[in-house]
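To keep things clear, I will list the structure first and then write my remarks on it.
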Amino acid sequence: MFSRVFLKDGEEGEVQQGFPWIFDNEISHVKYEEKSGVKQASLADCAVKDGELVEVFANAGGFLGTGVINRKSKISVRIIGKEHADRIAQDPQAYYTKKIQNAYDLRKLYYDRKDSYRLVYAEADFIPGLIVERYCDINKNIYLVVQFLSLSAEVFRKEILQALKAIVRPYGIYERDDAGVREKEGLEERSCWIGEAREEKIIIRENDVLLEVDIARGQKTGYFLDQKFNRRQAAALSSGKKVLDACSHTGAFGLNCFKGGAKDVTCVDLSPEAVTMIEKNIELNGAGKKVRAVCADIFDKLKEYEASGEKFDLIILDPPAFTKSAKNIQKAYGGYKEINLRAMRLLTENGILITCSCSYFFDAEHFYGMIMKAAEDSKKRVQILAKYGAGPDHPVLAGYPKSEYLKCAVCRVV
């Protein structure tokens, strides 16, 4: 008998809709088996070991799914499937091979072998806590960067890696488990090659742009793949334009605009390491005559451009998340509004603003409301021409709103 986690009365609604997390304060009690028979206890007092499969039930007794328990985390159970636990435990290798294959088959609808994309997007691909990026370098070698960010993924590490090797046949696998969230799961951080060591800096091609990716030391998993199609849209709007790529990171937006025929591109980033990478990417694309990298705080730089009367035809704002929690939304609102307001003032007549937010907590209502207020305070009118999100390698799981985080608005400022 597998241990059974029973929710408090009325807590089953979100789980039935597809939400895959069970928080500690939502649990009524746990039933588990000992030598003396079946016991019932609170979550804190039960004898179930962290990492075990458990079955989750509504308070009235309806089965909701199977998950992995972890009492070290506020998310006490992560649902990994709607099947009963015995079916998963019978052949976990086959179970996870099917999940990885399904994720791989989905991406093949939109990407081909030479593309780089997110292969597994955690809960949205029904493997909570697992991120897998698939990079194809210019020599057609396939690299995987993996993150096991939850205990529910870590306990099936062997099965997941075996499935990835069999399905993808990667040239190299690098583990980037240097994220602080592992500590909250009771897991140690680590960053290393799995198997044979390969090159840590590789060159990929995105929308015909060459980009260096540091898979060992770059932000998060080395590169932000979620904006690929949005960068293509920016390129389509850039012909003959003077472009500002703010919070540039790798120069990807700016270099896509260069490939789209922009006459002049300035890439700004606060990080000296990012600027060095932008300069390398400018060189890789032979873009030195039209693209430049500037190391500066974007808030200060926008003020400087406004004071000097500088103007741009197209501005891209793709800042890091200004908030990673709900309690800081108002502070984030002020930051987003300031850079958008100043960007609007720097645009030529009927200029294009492509503005983004990658914070889930700064949701679409806040984001588009911020655009409206920034326009009002800058004495401009804004026409929103298109609304985009992450690419199809970042599917949105119905019932799990956290999987929809990226907002990208294409605006004409008049």
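The values are calculated or read from the model by the stated rules, or taken from the named source; none is laboratory data. The shown structure was predicted, so the numbers you read here are calculated from the model rather than taken from an experiment. Heads up, the Cβs are rebuilt from the backbone with ideal geometry, glycines too, and the neighbour counts pull from every protein chain shown. Just the protein is used for accessible areas: all its heavy atoms, side chains included, with ligands, DNA and RNA removed. Shrake-Rupley method; radii C 1.70, N 1.55, O 1.52, S 1.80 Å.
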Legend entry - Cβ-Cβ under 9 Å pairs, at least 6 apart or on other chains, segment 394-408 side under 27 Å from L317 (Cα atoms), far side surrounded by fewer than 18 Cβ atoms within 10 Å (Cβ to Cβ) and β-branched (V, I, T): S403/V396; E404/V396
Legend entry - Spans of strands (runs of 3 or more DSSP E) in segment 156-274 with at least 3 residues open to solvent by less than 50 Å² (accessible area, probe 1.4 Å) and within 28 Å of D112 (Cβ to Cβ): 172-177, 201-206, 209-214
Legend entry - Residue list for segment 151-195, restricted to those being in contact with a helix residue (DSSP H, G or I) (Cβ under 8 Å, 6 or more places away or on another chain) and in contact (Cβ under 8 Å) with a residue 40 or more places away in the chain: F156, E159, I160, Q162, A163, L164, A166, I167, V168, E185, G186, I194
Inset, instruction - Restrict the check to segment 54-61 and report whether at least one residue is open to solvent by less than 30 Å² (accessible area, probe 1.4 Å), of a type outside the set (D, E, K, R) and under 27 Å from the mean Cα position of the chain (by Cα). - result: no
Inset, instruction - For N102, work out the one condition from (1) surrounded by fewer than 21 Cβ atoms within 10 Å (Cβ to Cβ); (2) more than 20 Å from the chain's Cα centre (by Cα); (3) not aliphatic (A, V, I, L, M) it doesn't fulfil. - result: (2)
Legend entry - helices (runs of 4 or more DSSP H) fully within segment 288-393 counting 3 or more residues that are touching a strand residue (DSSP E or B) at 6+ places or on another chain (Cβ under 7 Å), closer than 23 Å to R231 by Cβ and of a type outside the set (D, E, K, R): 329-346, 364-377
Legend entry - When residues of segment 336-359 are limited to those that are crowded, with 17+ Cβ neighbours inside 10 Å and among the hydroxyl-bearing types (S, T, Y), the one modelled with the lowest pLDDT: S359
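Here's the yes/no breakdown for (1) under 24 Å from Y368 (Cα atoms); (2) not aliphatic (A, V, I, L, M):
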| residue | (1), (2) |
| --- | --- |
| P272 | no, yes |
| F299 | yes, yes |
| A307 | no, no |
| E310 | no, yes |
| K324 | yes, yes |
| K327 | yes, yes |
Legend entry - Selection status of R118, part of a strand (DSSP E or B), open to solvent by 20 Å² or more (accessible area, probe 1.4 Å), closer than 22 Å to L211 by Cα and touching a residue at least 24 places away in the same chain (Cβ under 8 Å): yes
Inset, instruction - Specify which of the listed residues (A236, A293, A274) is at pLDDT below 95 and small (G, A, S). - result: A274
Inset, instruction - Hey, could you check segment 376-401 for residues that are touching a Leu at 6+ places or on another chain (Cβ under 8 Å) and of a type in the set (G, A, S) and say which is surrounded by the most Cβ atoms within 10 Å (Cβ to Cβ)? - result: A390
Inset, instruction - Please go through segment 109-144 and pick out each residue that is over 23 Å from E185 (Cα atoms) and among the hydroxyl-bearing types (S, T, Y). - result: Y110, Y111, S116, Y117, Y135, Y143
